[in-house]
Amino acid sequence: MWPSPSVRMCISRFESIPMKQFTIVVKPFRAEAVLRVCVEMGVEAGIVREAKGFGRQKGYLNRYKGSEYSMAYLPKVEISVWVAKEKYEELAERVAKAARTGRIGDGKVFVVPTAWPHEIEF
């Protein structure tokens, strides 16, 4: 019988966690639009990192915004934010809409439960 009792217990724990972490990977020129959506949704803090990566397009973009790039990796921006579980579905939809250009390689949105949803300031 699926799901097993242990899987059901994990699912119920996942649903009871009050916050979700979003890791959003987008093309650099879409990062501002995605961050604007996050602020509009009430996200108070986040982390933005420059990244390089490849996916289905396999890096077959020789020129990007007038610059030459390696055939293996393309520039991306990784954004990490934390939201209340009540808002995460709406945020996922709005982020996808803001990041979408209609071409391959638009990006990814990963949503995971936050294991320790309390801030520790130091």
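The values are calculated or read from the model by the stated rules, or taken from the named source; none is laboratory data. These figures come from a predicted structure and were not determined experimentally. Quick reminder, even Gly has a Cβ in these numbers, built from the backbone with ideal geometry, and neighbours come from all protein chains shown.
Miscellaneous remarks
- Out of VAL25, VAL39, sole residue that is more than 15 Å from ALA92 (Cβ to Cβ), surrounded by 11 or more Cβ atoms within 10 Å (Cβ to Cβ), among the β-branched types (Val, Ile, Thr) and modelled with pLDDT of 90 or more: VAL39
- Beta carbons closer than 6 Å, at least 6 apart along the sequence or on distinct chains, pair a first residue in the range 42-61 that is under 19 Å from GLY105 (Cβ atoms) and at pLDDT below 85 with a second that is surrounded by 12 or more Cβ atoms within 10 Å (Cβ to Cβ) and of a type in the set (Lys, Arg) for GLY53/LYS76.
- Restricting attention to the range 66-108 and to residues that are over 30 Å from MET41 (Cα atoms) and part of a loop (DSSP other than H, G, I, E, B), the residue that is modelled with the highest pLDDT turns out to be TYR73.
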